[in-house]
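Here is the structure we will look at, set down as structure tokens.
The values are calculated or read from the model by the stated rules, or taken from the named source; none is laboratory data. It should be emphasised that the depicted structure is a prediction, and the values quoted were computed from it without experimental measurement. As a convention, Cβ positions derive from the backbone with ideal geometry for all residues, glycine included, and neighbour counts pool all protein chains shown. Just the protein is used for accessible areas: all its heavy atoms, side chains included, with ligands, DNA and RNA removed. Shrake-Rupley method; radii C 1.70, N 1.55, O 1.52, S 1.80 Å.
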Amino acid sequence: MKKNYVLFLILFSSIFFCSAQTFEVKNLANEPLELSLRLPAYISQQKTVEGQNYEDFSALSSILMLQKDAPSLPMFSESLQVPDSGAFSLEISYDSFEEYTNVEVLPSKGSLKRNINPETIPYTKGEVFNQDTFFPGTLAQLGTPYIFRQTRGVTVTFYPFQYNPITKTLRIYHNVTAKIIHQPNEIGLNERSVSSPKRDEVFAPFYQNHYANAVQYQSMLEQGHLLIVCPPAYRNVVESLANWKKEKGINTSIIELTQSGIISSFDIKSLVQTQYQANPDLVYVLLIGDHEQLPTHNYGFNGEENLYSDSFYGQLEGTDFYPELFVGRFSGNLAQVLTMVNRTLEYEISPFSGAWMTNAIGIGSNEGYGYGDDGEADWQHLRNIKTKLQAFGYNTVHEFYEGSQGEGDSPGNPSSSMIVNALNQGAGLMNYTGHGWTEGVSTGDFTNSSVNQLTNSGKYPFVVSVACNNGTFVGNTSLCESLLCAKQGSDITGAIASCGSSILMAWAEPMQTQDEMTELIIQSDENTRMTTLGGLFYNGQLSMLEAYNQSNTAIEVMQTWVFFGDPTVVFRNQVSEAITAIHPEEISINGGVISVGSNVTDANVTLTQNNIILYDGIMINNEIEIDLASFSSEEVVKVTLTKPNMTPYRGEIDVNETLSVSDFDNGFSIYPNPAKDVINIKSNRADLGFATLKLFDLNGRMLANYENVSLDTNYSISVQNLLSGIYVLTIQSGDLQKKKKIVVK
């Protein structure tokens, strides 16, 4: 069924696609899966190029095809989790299509790098424009299957817009459905082995965010383990960071590069791979040192420059570029890495007071109209991010845009001093989208020298740069490195983390990463929670790979966008409030039950001794009881409570050789009170021994006496023959005694 239309010039530029596309998944429990794309009514918008009117699909706020010199048409992608083995094929159906005649469509300029202004590249019609057939021809296409840690996935890309350049006919297909046919007897790409299953409590929200058919998860049950890889000389510098991570519940191990001679990236990856296979909870990797101390991987020469990559160390299964681990780097010498360690500890343990983290900064060029991701120029892209951040609750979002873009953007071009002043006032997030080079960015001329002017001690932003070479740290000191090495005298300044490309960065693709990171920060999907910097960045990258269907350029962005910082750091985007807690001050070396109460709900509670995690779990509401076995030493037990956007609680419990008065007094639960038939004495410990139980009235007369009662088990005393009133129960064990008033009804 089709309908025929003739498109006319739309005079009002405010008319857009009325709402976003939606995906619907059917047959979740069984094969075959069905994925349907639904589009709202199409409303034309046009742009004029050299006197000719063309359809302006950038108004759809969608991804445009980037096949050079071919029609630039919209495409829509979604990812599905699929079986671990086998191949797949598609069966495609649709409800109807509309046909528009006398339509002109612009050719794509291809995937450009950010050292090129798209406006300077002419439109060129290639061979596709000489063919009397509809382009791209297929309505949906399967991407290459990939392994994403514990899962295997595949991306389905829809092409509901089809164009015949000879007849100048545009077809728009409605309700296109792709049925994914599993072929279990055929060998597929990137089949997944289940020989080393991984626990998925941490990755569950990542799957939920990525796959349209992911199983609903409840909460993040644990924090994932961290592997620190460092040269031997750096171990003492990072030891305090590792100890804090364990104190807050992140099991952390340090591996030293002790191999003699030149160590290669493949040697390092082999070490990480071994740890990954042995530890099902490993999620994060932190590399320590500059390239000379711990080499980054080189994928080779792409004709212009070397493809340097740290994400290589986290891509451990299959031949795809989806990560199994989230990788960050502290790049610098011993003193500089110490600065990064101390900044991280400050950010997580004792954040600077005030609302600075609710401020953000957007710096963008005046280029990319109709070409950038969602058809946005750089500044438009950042203004849309600003709108979402402020709706979420951000206070001030500074606009530093090339040219004069109105609203919060001052007339003319921004200066480096404007950016420095905004950072010194305090910001939790800074996005840059524009041109750049190794030591700086073009819009605002913010450079390594500008970083040296920062006085933002305690107010450290997460910096995400979509620019060329801001992360080129091999043989250079890049802008991203400078932000992490920054100090003003003895005061630490700079950024908590920064992300920058090691090569000339692509134009449109990385903008999608920034968009997805924004959606995660503002929690646009209430079922998806990302809190760590590594989780935010790498999930943004996954969205980019999906949206551009693992194109060569998207893969290159994934390879070469370097994360400088600790990927386990929990992002701060709300004013930090203090966690308080109540717990025993001492405990017997024989162990027992520790009751912890707090002013916040659902805090993460960790108990450690000698940098060993004894317990790590989520508090139910405002309290938790933790039953611990005997201790190996009398070193204090550290009690640490953490929660995103809060200042941690850090307390201690003394461990004593003998049972303390406090231990004995807190060792029982006596109920019900008031009582009618019996009084139950429930032991909370396993080391209380035997005792004598006595019941007295208020005149001091002993009414009952029970000797040699084991306190390691529960015990009941009958009160059904007593008159209503108040009585006193005593529990005596050696020199220790507990008294409790009992009301009998």
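Remark: relative contact order (the range 438-535) = 28 percent; criterion is Cα-Cα distance under 8 angstrom and separation of 6 or more residues. Put simply, when 731-744, 202-215, 146-159 are sorted by average Cβ atoms within 10 angstrom per residue, most first, you get 146-159, 202-215, 731-744. Between Val466 and Tyr432, Thr433, Gly434, the built amide H atoms are under 5 Å apart, and every one of these is 5 or more places off in sequence or on another chain.
Expressed in Å, the radius of gyration and Dmax of the Cα atoms of the chain are 30.9, 109. Close amide H partners of Ile594, meaning residues 5 or more places away or on another chain with modelled amide H under 5 Å apart, are Ile626, Asp627, Leu628. Once the mean of 1/r is taken over each pair of separate Cα atoms and inverted, the range 276-365 shows a Kirkwood hydrodynamic radius of 16.3 Å. Modelled this way, with points 7 Å down the Cα-to-C-beta line, the labels at Glu707 and Ser633 are 4.3 nm from one another.
On the basis of the beta-carbon distance and an R0 of 41 Å, Lys682 and Asn243 show a calculated FRET efficiency of 0.65. Karplus-derived 3J(HN,Hα) values for the range 120-134, using 6.51 cos²θ - 1.76 cosθ + 1.60 with θ = phi - 60°, are 7, 9, x, 6, 10, 8, x, 4, 4, 6, 9, 10, 7, 7, 7 Hz; glycine and proline are entered as x. Remark on the range 563-623: hydrodynamic radius 14.1 angstrom, per the Kirkwood mean of 1/r across alpha carbon pairs. Between the residues Leu287, Pro32, Phe312, the greatest Cα displacement towards the positive end of the dipole of the chain, with unit charges on the Cβ of Lys, Arg, Asp and Glu, is found for Pro32. Qualifying GluC sites (Glu not before Pro) in the range 384-417, where qualification requires a DSSP coil assignment and no more than 13 other C-beta atoms within 10 Å, comprise Glu407.
The Kirkwood hydrodynamic radius of the range 443-540, based on inverse pair distances between different Cα atoms, is 14.6 Å.
Given R0 = 25 Å, the distance between the Cβ atoms of Glu191 and Gln277 translates into a calculated FRET efficiency of 0.90. Averaging the sequence gap over all C-alpha pairs within less than 8 Å and six or more residues apart, then dividing by the number of residues, gives the range 38-92 a relative contact order of 18 percent.
Relative protection proxy for 107-120, 242-255, from highest mean packing down: 242-255, 107-120 (other beta-carbon atoms within 10 angstrom). Pairs exceeding a 24 Å alpha-carbon distance, out of Lys388/Lys459; Lys386/Lys643; Lys682/Lys745; Lys682/Lys741; Lys113/Lys459: Lys386/Lys643; Lys113/Lys459.
If one computes the Cα centroid of the range 302-352 and of the range 693-735, what distance in Å separates the two points? So the two Cα centres are separated by 63 Å.
Remark on Thr647: its backbone amide H falls under 5 Å from those of Glu577, Ala578, Ile579, a criterion applied only to residues 5 or more positions apart or on other chains, H modelled at 1.01 Å from N.
Going toward the positive end of the dipole of the chain, with +1 on Lys and Arg Cβ and -1 on Asp and Glu Cβ, which of Val49, Gln425, Gly368 do you reach last? Farthest towards the positive pole: Gln425.
Annotation: the antiparallel percentage among DSSP beta bridges lying fully within the chain is about 70.
Straight Cα distances below 15 angstrom link Lys245 to the aspartates and glutamates Glu222, Asp281, Glu346, Glu348, Asp566, Asp616, with same-chain residues fewer than 8 positions distant left out. Solvent-accessible area per residue in the chain equals 40 Å², computed with a 1.4 angstrom probe and all protein chains kept.
Computed 3J(HN,Hα) for the range 473-483, one whole-Hz value per residue from the Karplus formula 6.51 cos²θ - 1.76 cosθ + 1.60 where θ = phi - 60°, is 9, 7, x, 9, 9, 6, 4, 4, 4, 4, 5, glycine and proline marked x. Taking every alpha-carbon pair under 8 Å whose residues sit at least 6 apart, the chain reaches a relative contact order of 10 percent. Rounded to the nearest Hz, the phi-derived 3J(HN,Hα) couplings of the range 371-381 under the Karplus curve 6.51 cos²θ - 1.76 cosθ + 1.60 (θ = phi - 60°) are 10, x, 3, 6, x, 9, 5, 4, 5, 5, 4, where x marks glycine and proline. Above 17 Å, the calculated P(r) of the range 643-745 contains 56 percent of its Cα-Cα pairs.
Placing +1 on the Cβ of every Lys and Arg and -1 on the Cβ of every Asp and Glu, with nothing else charged, gives the range 303-459 a dipole about its Cα centre of roughly 740 debye.
Scoring 306-317, 559-570 by mean Cβ neighbours within 10 Å over their residues and listing the highest first yields 559-570, 306-317. Please report the carbon-and-sulfur percent of the accessible area for the chain; probe 1.4 Å, protein heavy atoms only, DNA, RNA and ligands left out. Answer for the chain: carbon and sulfur cover 48 percent of the accessible area. In this simple spin-label approximation, Asp132 and Glu104 carry label points 7 Å from Cα along the Cα→Cβ vector, and these lie 2.3 nm apart.
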